Amino acid sequence: MHTDILEMLKGGTAGIARLRELLAQMNTADIAEIFDYASQEEAVRLFRLLPKNIAAETFADISTEKQQLIIEWLTDSEVGLIMNDLFVDDLADFVEEVPALVVNRVLNNVSSEKRRLVNQILNYPKDSAGSVMTTEYVELAADCTVRQALDFIRETGVDKETIYTCYITETDYSYYKKLIGAVSVDALLHAEPLQIIGEIMEENVIFAHTTEDRETVAGIFRKYGLLALPVVDNEEQLVGIVTVDDVLEIIAEETTEDFAKMAAMHPTDELYLKSSALHQAKNRFGWLLLLMLSATINGSIIASFESALMILPAMVAFIPMLMGAGGNASVQSSTVIIRGMALGEINYKDVVKVMWMEMRIGLVCGLGLGFANFARIFLMNGKDALMSLVVTCSLCATLIISKIIGCTLPIGAKKLKLDPAIAAAPIITTVVDCTTLLVFFSIVRAVYHI
């Protein structure tokens, strides 16, 4: 589809006319995807062909790289038209990503009110509710009638992020107004025209504070099935709302970031096929270097037990199996715990319960794997019962310890206000590998009196 549209750009007047008609009928998200495949010249030409009523909405969905390119090619008046049509949260996201020169040009061409609102959002902590909220919402007075409220929504709703839920504030002369209730458009449509808003509003409103973490906000949406969530300051003055489309972006970004960290990579927003090999290597090299250096600890441990290996060289063959089993067991535990913390099922207070659960899981798994391993080693290694018993005991102890490490490291990271994903697969596996070697060689020394 995108290749056909880009080919139409190369056509004559008739092709351009057909392209204009086609773009007017397309969804803005689909149009935005085309810009990912367009060259610089094609992106600018394509954007200039967009109908004015969808240009700003399309701009919000385009990648930051192409957004910056388009701004550089537009005139100041065109920049002002696009930026003033953007919702405040989308404009704030754009301003936060581009260089200072672009920021200055954009803010110089927007209204003073929009500039003030953007600066307000940018002053909130990164990844907080305040940083992802929008200030375009429907605000009603408690003493107005349903008819007045509907008239107000018809008049101003076109410029709001959502009109499904309207928020009721105390009527005073201050800019920030205290949130006292909420009412849905559905409730307004079913109410009598002269009924007072204060009589039908919902007073127990679920809200978030500006400094709350955006992952917490996403959890609130999931728990209560919301479409929008009001955001208040420390004095419960309504300052904005977070909408469900923002939450979907939060979930996608957090999931991408966690996957990257769990795979020992630096998170990046760039598309894989659009980024350079050097950029991808830079995101991975640091972690690979750290893990390589940490792996030298394993070599030191093996070297310290050199005498045991000289007497029992056959034991070396079991090291990869033990380290692999321990690493796999710890990753299983850490994955379950990280998911539980993300969903709010597990917190730091549950650490003892979690450890007890994982210890029992490790014991059951260890006994099951140990029995199978004992039979395998006994049959394949000349029916050496003592060697089979040593490896089996090492395997059972490794699984129990690995499960405990796998569950406690993510919880500990969360307690230290770090991302639990940092303590996931690579780091946990490195720690478990060292522990496995120590357990194995300690049992070997104790049994064989080396």
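Structure summary
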{"read-out": "Where Lys114, Lys415, Lys282 fall by accessible area, highest first, once all protein chains stay in place (1.4 Å)", "value": "Lys282, Lys415, Lys114"}
{"read-out": "Separation between Cα centres of region 114-162 and region 1-66, rounded to whole Å", "value": "30 Å"}
{"read-out": "HN-Hα J in Hz across region 27-33 - Karplus 6.51, -1.76, 1.60, θ = phi - 60°, x for Gly and Pro", "value": "6, 4, 5, 5, 5, 4, 5"}
{"read-out": "Lys/Arg +1, Asp/Glu -1 at C-beta; region 140-247 dipole; positive extreme among Ala182, Tyr164, Met201", "value": "Tyr164"}
{"read-out": "Evaluated over region 1-43, the Cα radius of gyration and Dmax, each in Å", "value": "9.9, 26"}
{"read-out": "P(r) of the chain over all Cα-Cα pairs, binned every 20 Å from zero, in whole percent", "value": "19, 39, 27, 13, 1"}
{"read-out": "Dipole magnitude (debye, nearest 20) for region 304-399, charges at Cβ of Lys, Arg, Asp, Glu", "value": "200 debye"}
{"read-out": "Out-of-range pairs (alpha-carbon distance over 32 Å; input Lys353/Lys417; Lys126/Lys282; Lys160/Lys417; Lys178/Lys349; Lys114/Lys417)", "value": "Lys160/Lys417; Lys178/Lys349; Lys114/Lys417"}
{"read-out": "Nearest-10 value in Å² for the accessible area of Leu22, using the 1.4 Å probe", "value": "50 Å²"}
{"read-out": "The chain - mean residue ellipticity at 222 nm from DSSP helices (-39,500 (n - 2.57) per run, n ≥ 4, rounded to 500)", "value": "-21000 deg cm²/dmol"}
{"read-out": "Tilt relative to the chain, helix 88-97 - C-alpha long axis, 0 to 90 degrees, to 10", "value": "50 degrees"}
{"read-out": "Phe440, Phe378, ranked by accessible area, largest first (probe 1.4 Å)", "value": "Phe378, Phe440"}
{"read-out": "Hz values of 3J(HN,Hα) by residue in region 239-254 - Karplus curve (6.51, -1.76, 1.60), Gly and Pro given as x", "value": "10, x, 9, 10, 9, 5, 5, 5, 5, 4, 5, 4, 4, 5, 5, 5"}
{"read-out": "Region 145-216, accessible surface, carbon-and-sulfur percent (1.4 angstrom probe)", "value": "49 percent"}
{"read-out": "Per residue solvent-accessible surface (Å²) - the chain, probe of 1.4 Å", "value": "54 Å²"}
{"read-out": "Space enclosed by the convex hull of the alpha-carbon atoms of region 341-450, per residue, Å³", "value": "113 Å³"}
{"read-out": "Assigned charges on the beta-carbon of Lys, Arg, Asp, Glu; the chain dipole about Cα centre (debye)", "value": "2560 debye"}
{"read-out": "Table column - 3J(HN,Hα) (Hz), region 351-360, Karplus curve with 6.51, -1.76, 1.60, x for Gly and Pro", "value": "4, 5, 4, 5, 4, 5, 5, 5, 4, 5"}
{"read-out": "Gaussian network model of the chain, Cα within-10 Å springs - most flexible of Leu322, Leu23, Leu416", "value": "Leu416"}
{"read-out": "Sequence-distant residues sharing a close amide H with Thr169 (under 5 Å, placed H)", "value": "Leu140, Ala142, Ile180"}
{"read-out": "Rotationally averaged projected area of region 1-155 (alpha carbon convex hull; nm²)", "value": "11.5 nm²"}
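The values are calculated or read from the model by the stated rules, or taken from the named source; none is laboratory data. As the structure is a prediction and not an experimental result, all values here were calculated from the model. Every residue, glycine as well, gets a Cβ built from its backbone with ideal geometry; the counts of neighbours run over all protein chains shown. Heavy atoms of the whole protein, side chains included, go into the accessibility calculation; ligands, DNA and RNA do not. Shrake-Rupley method; radii C 1.70, N 1.55, O 1.52, S 1.80 Å.
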